[in-house]
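J.: One structure, pasted below without further comment.
The values are calculated or read from the model by the stated rules, or taken from the named source; none is laboratory data. None of the values given here were measured: they were computed from a predicted structure. Every residue, glycine as well, gets a Cβ built from its backbone with ideal geometry; the counts of neighbours run over all protein chains shown. Side chains are part of the model used for accessible areas, which takes the heavy atoms of the whole protein and leaves out ligands, DNA and RNA. Shrake-Rupley method; radii C 1.70, N 1.55, O 1.52, S 1.80 Å.
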Amino acid sequence: MNTVLSVNELSISFGGLKAVDNISFNVSEKDIFGVIGPNGAGKTTVFNMISGFYKPDSGNVIFGEVDITKKKTHQVIKYGLTRTFQNVELFKHMTVMDNLLVGNHINASYGILSSMFMLPKVSKIENKQKEKAIEVLKFLGLENYASSLVFNLPYGIQKLVELGRALISEPKVLLLDEPAAGMNDTETKMLGDRIKNIRDKFGITVLLVEHDMNLVMNICDRIAVMNFGKKIAEGIPKEIQSNPMVIEAYLGEEV
Ligand SMILES: Nc1ncnc2c1ncn2[C@@H]1O[C@H](COP(=O)(O)OP(=O)(O)OP(=O)(O)O)[C@@H](O)[C@H]1O
Ligand SMILES: [Mg+2]
């Protein structure tokens, strides 16, 4: 299996707190790789370091052949790694379509001047972007929301819009931070099918942080488990479900 993303001995502290402590894992191409663990375990912080939002105190992140540890977020996106946020980060007073088009602006290759004068090249590119956005909306079952303002939409739909915005940048690797939060069981099941489709149809590798254990166990090929900043287990879902350290970390919760 080809490793597409390699996380090596990442650590970061905030004040006295070691939020992430020597975390390593390799993600194979086209895998759905889960990162789970109790609240405060350090999952989002790992995502923040992979995606360039935080610089680790030590360790590195290799994406393909490139060391992206010290790259800025927009550079990381250009290399082909995109994320969604635990708390929806959309332009709430813009339409769903415009939120997707904003997500795609980094792929547009025209200058500010030509866009001011709406030169033919620009409108052509813009039409293409719109077509692409419509494709993504259809794929996510959101086509009827294209002109809705985001703040009017239920939270579960907003999470899907954010997924759409991430998809439109055509990532090689997609990091999803709790995509099912705020969704009911039916919505979560549909989300699971869509995440699988994202991998199967587009060949995108997915990293998934999620508390919904049904979703994680159903769709992940491999899972790393964190507790208090450390990795306490890694394996296929079956191994994780029966791992005593994992059960202990989730004491009382059903894994
Ligand atoms: N910017 C920051 N400044 C200070 N502390 C932080 C910062 N970011 C995260 N932390 C702390 O690091 C620890 C890990 O947080 P993180 O958000 O990564 O956990 P998590 O596993 O994503 O939890 P949850 O499942 O609740 O989202 C927590 O104790 C958190 O308070
Ligand atoms: Mg988190």
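J.: Quick check on my filter: what residues within the stretch 243-255 are open to solvent by 10 Å² or more (accessible area, probe 1.4 Å) and under 23 Å from Ser28 (Cα atoms)?
T.: Here is the first cut: in the stretch 243-255, the residues open to solvent by 10 Å² or more (accessible area, probe 1.4 Å) are 243-245, 247-249, 251-255.
The answer is Asn243, and nothing else.
J.: Still on this structure, I have one more. Report every pair of residues separated by at least 6 positions or lying on different chains whose Cβ atoms are under 7 Å apart, first residue within the stretch 42-67 and within 12 Å of Gly80 (Cα to Cα) and within 13 Å of ligand 1 (Cβ to nearest atom), second open to solvent by 40 Å² or more (accessible area, probe 1.4 Å) and assigned to a helix (DSSP H, G or I).
T.: Ser51/Thr73
J.: Could you check, for the stretch 175-186, whether at least one of its residues is surrounded by fewer than 17 Cβ atoms within 10 Å (Cβ to Cβ), away from ligand 2 (no atom under 16 Å from the Cβ), at pLDDT 95 or above and not in a helix (DSSP H, G or I)?
T.: Looking through the stretch 175-186, none of the residues is surrounded by fewer than 17 Cβ atoms within 10 Å (Cβ to Cβ), away from ligand 2 (no atom under 16 Å from the Cβ), at pLDDT 95 or above and not in a helix (DSSP H, G or I).
J.: Does the stretch 14-24 hold any residues that are in contact with a Gly (Cβ under 9 Å, 6 or more places away or on another chain) and within 12 Å of ligand 1 (Cβ to nearest atom), and which are they?
T.: Taking the stretch 14-24 first, the residues in contact with a Gly (Cβ under 9 Å, 6 or more places away or on another chain) are 17-24.
Answer for the stretch 14-24, where residues must be in contact with a Gly (Cβ under 9 Å, 6 or more places away or on another chain) and within 12 Å of ligand 1 (Cβ to nearest atom): Leu17, Lys18, Ala19, Val20, Asp21, Ile23.
J.: Filter the stretch 157-169 down to the residues that are outside any loop (DSSP other than H, G, I, E, B) and open to solvent by less than 10 Å² (accessible area, probe 1.4 Å) and list them by number.
T.: Val161, Glu162, Leu163, Gly164, Ala166
J.: Looking at the stretch 19-109, what strands (runs of 3 or more DSSP E) fall wholly within it and have at least 3 residues that are not hydrophobic (A, V, I, L, M, F, W, C)?
T.: On the way: elements: 32-36, 58-63, 81-83.
Strands (runs of 3 or more DSSP E) meeting the threshold: 58-63.
J.: Take Gly203 and tell me if it is more than 16 Å from ligand 2 (Cβ to nearest atom), at positive phi and within 18 Å of the chain's Cα centre (by Cα).
T.: Working: more than 16 Å from ligand 2 (Cβ to nearest atom): yes; at positive phi: yes; within 18 Å of the chain's Cα centre (by Cα): yes.
When the stated conditions are applied, Gly203 passes them.
J.: Take the stretch 188-218 and flag every residue that is part of a loop (DSSP other than H, G, I, E, B) and closer than 19 Å to Tyr250 by Cβ.
T.: Start the filter on the stretch 188-218 by keeping residues that are part of a loop (DSSP other than H, G, I, E, B), which leaves 203-204, 210-212.
Matches in the stretch 188-218: Glu210, His211, Asp212.
J.: Cβ-Cβ below 8 Å, separation at least six or inter-chain, first residue in the stretch 84-110 and loosely packed, with under 13 Cβ neighbours inside 10 Å and modelled with pLDDT of 90 or more, second part of a helix (DSSP H, G or I) and not acidic (Asp, Glu): which pairs?
T.: Matching pairs, first to second residue: His93/Val150; His93/Phe151.
J.: For the stretch 1-18, name all the residues that are of a type in the set (Gly, Ala, Ser) and in a strand (DSSP E or B).
T.: Start the filter on the stretch 1-18 by keeping residues that are of a type in the set (Gly, Ala, Ser), which leaves 6, 11, 13, 15-16.
Of everything in the stretch 1-18, those that are of a type in the set (Gly, Ala, Ser) and in a strand (DSSP E or B) turn out to be Ser6, Ser11, Ser13.
J.: Looking at (1) within 16 Å of ligand 2 (Cβ to nearest atom); (2) open to solvent by 30 Å² or more (accessible area, probe 1.4 Å), which is the one condition that is false for Gln75?
T.: Only one criterion in (1) within 16 Å of ligand 2 (Cβ to nearest atom); (2) open to solvent by 30 Å² or more (accessible area, probe 1.4 Å) is unmet by Gln75, namely (1).
J.: Hey, another quick one. Among the residues of the stretch 134-156 satisfying the criterion of being hydrophobic (A, V, I, L, M, F, W, C) and open to solvent by 60 Å² or more (accessible area, probe 1.4 Å), which is nearest to ligand 2 (Cβ to nearest atom)? Don't jump to the end; show me each part of the working.
T.: Going through the stretch 134-156, the residues hydrophobic (A, V, I, L, M, F, W, C) turn out to be 134, 136-137, 139-140, 142, 146, 149-151, 153.
Imposing the further condition that a residue be open to solvent by 60 Å² or more (accessible area, probe 1.4 Å) reduces the set to 134, 149, 151.
On the way: Ile134: 32, Leu149: 27, Phe151: 23 Å.
Out of the qualifying residues, it is Phe151.
J.: Checking Phe228 against (1) in contact with a Lys or Arg (Cβ under 7 Å, 6 or more places away or on another chain); (2) in contact (Cβ under 8 Å) with a residue 40 or more places away in the chain, only one condition comes out false. Which one?
T.: Unmet condition: (1).
J.: Here is a list: Lys238, Lys172. Which entry is surrounded by fewer than 21 Cβ atoms within 10 Å (Cβ to Cβ), under 21 Å from Glu29 (Cα atoms) and within 16 Å of the chain's Cα centre (by Cα)?
T.: Residue meeting the stated conditions: Lys172.
J.: Would you mind telling me which numbered condition in (1) under 25 Å from Gly37 (Cβ atoms); (2) surrounded by fewer than 19 Cβ atoms within 10 Å (Cβ to Cβ); (3) assigned by TED's automatic domain parsing to the domain that holds Ile68 Val206 fails?
T.: Here Val206 clears every test but (2).
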